[in-house]
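Only the coordinates and a few stated rules stand behind these numbers; no lab work does. All values derive from a computational prediction rather than experimental measurement. Note that we place each Cβ from the backbone using ideal geometry, even for glycine, and neighbour counts take in every protein chain shown.
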Amino acid sequence: MACWLIPGTASQADSLAFFANAPNQHDYGLLTAMPPDFGDGEFTFELWIQPDASFPVGNCAGAGQLTHWCAADHPPYSSGGWWFEGNFLLDGHNNASFQDGTMSLQFYGGGRVRWLFGDGANAGPGGHWSIGAFPASDTPSLLTGTWHHLTLVRRFVPISAARLELFIDGVLIASEESSLRTDMTIWWSGWSGFPSGQEGWFFGAEKQAAIGVLSQYEDFKGLVDEMRFWTRAKTAAEVAGTWSSAVDGTEPGLVGWFPFEEGGGTTACDALAPTRCLSLLQPQPGIWSAEGFPVGLLFADGFESGELGS
């Protein structure tokens, strides 16, 4: 996949950088206060990422666990632990009950991304929905050394179901349909049912490794920028037309916006509510990068020909 910037556009300054970690030294961001009403109905969640393509694709266990992009690509719902292997960009799992309140983004299959979501429905073995390509090779790897945009949408569909959609760079990659329209705030407002110490969304690391329950686990290595929370389901046409656009904070339905413009310190805060912050824990030198997401990014010979559906 080739990517370039539209002439005259520029990157938005600053982003968060996550690194390869030694056992028990995982750097991560923790968000425990969610934007208001996010998850009680339809929603859209989006962010920019640039995975560090200098790390190899390989084994997800043993010595390579912390330094590889996981190559594992197990069939979804094929066993209780089919999803255990993968690099966590976002770990919002309820490890007491995977189907209740789980929300995560994970790299698998050599640099592909899937969305794991637990809304209380019975998705089969593993306990949550998998929104991603299988086999992983049916969609391009994101290990391109360039920025990519992720959009996650929960859209209500007749009669009482919800369609879960994953877009990458404005293109629909995969979807799943749940029979439920669960108000996710029953879990996310107070982290009901989450094990002690694991409440919240962890960015850049698997949460049990981050807090020392496990000594090591595959984690994300690279840049994260411009995280947005919406209390509406963006249409496919809207995603395709605006995925690379900036926002100014006045857009309808935008309830959380983390531009990561602080440039220093151990918190990154919501531009719409400055007291709502992501805590940066065990940060390594360089946690703040001067490189930011590119406004108006275009791409060629990538996802246009790789669109998938479910």
Notebook entry, point to check: Do the sum for the chain: with -39,500 (n - 2.57) for every DSSP H run of n ≥ 4, divided by all residues, what is the mean residue ellipticity at 222 nm, to the nearest 500 deg cm²/dmol?
Noted result: -1000 deg cm²/dmol
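Assuming R0 = 25 Å, can you tell me the calculated FRET efficiency for the pair ALA20 and SER279, based on Cβ-Cβ distance, to the nearest 0.05? Before the final figure, lay out each step's value.
Working: r = 21 Å, r/R0 = 0.84.
Rounded to the nearest 0.05, the efficiency is 0.75.
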Notebook entry, point to check: Can you give me the Cα centroid spacing of the range 137-188 and the range 13-29 in angstrom?
Noted result: 25
Notebook entry, point to check: So, in nm, how far is label GLU177 from label VAL57 when the simple model puts each one 7 Å beyond its Cα toward the Cβ?
Noted result: 3.1
Check: How high is the relative contact order of the chain, given as a whole-number percent (alpha carbon pairs under 8 Å, six or more residues apart)?
Finding: 32
Notebook entry, point to check: Cα centroids of the range 191-234 and the range 32-99: how far apart, whole angstrom?
Noted result: 9
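Dividing the convex hull volume of the Cα atoms of the range 14-154 by its residue count, what figure in Å³ per residue is obtained?
On the way: hull volume 18.6 nm³, N = 141.
Looking at the range 14-154, the number lands at 132 Å³ per residue.
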Check: Which distance in nm do the two modelled labels at PHE156 and GLU261 give, with both placed 7 Å along the Cα-to-Cβ direction?
Finding: 3.4
Checklist line | GNM result for the chain, Cα springs below 10 Å: residue of LEU214, LEU16, LEU166 fluctuating most strongly | finding: LEU214
Next item on the list: In square nanometres and to one decimal, what's the mean projected area of the convex hull around the Cα atoms of the chain?
Entry: 14.4
Notebook entry, point to check: What would the Debye formula give as log10 I(q)/I(0) at q = 0.14, 0.20 Å⁻¹ for the alpha-carbon point model of the range 103-219, no solvent?
Noted result: -0.69, -1.28
Next item on the list: Above 14 angstrom, tally the Cα pairs of the range 56-108 and express them as a % of all pairs, no decimals.
Entry: 57
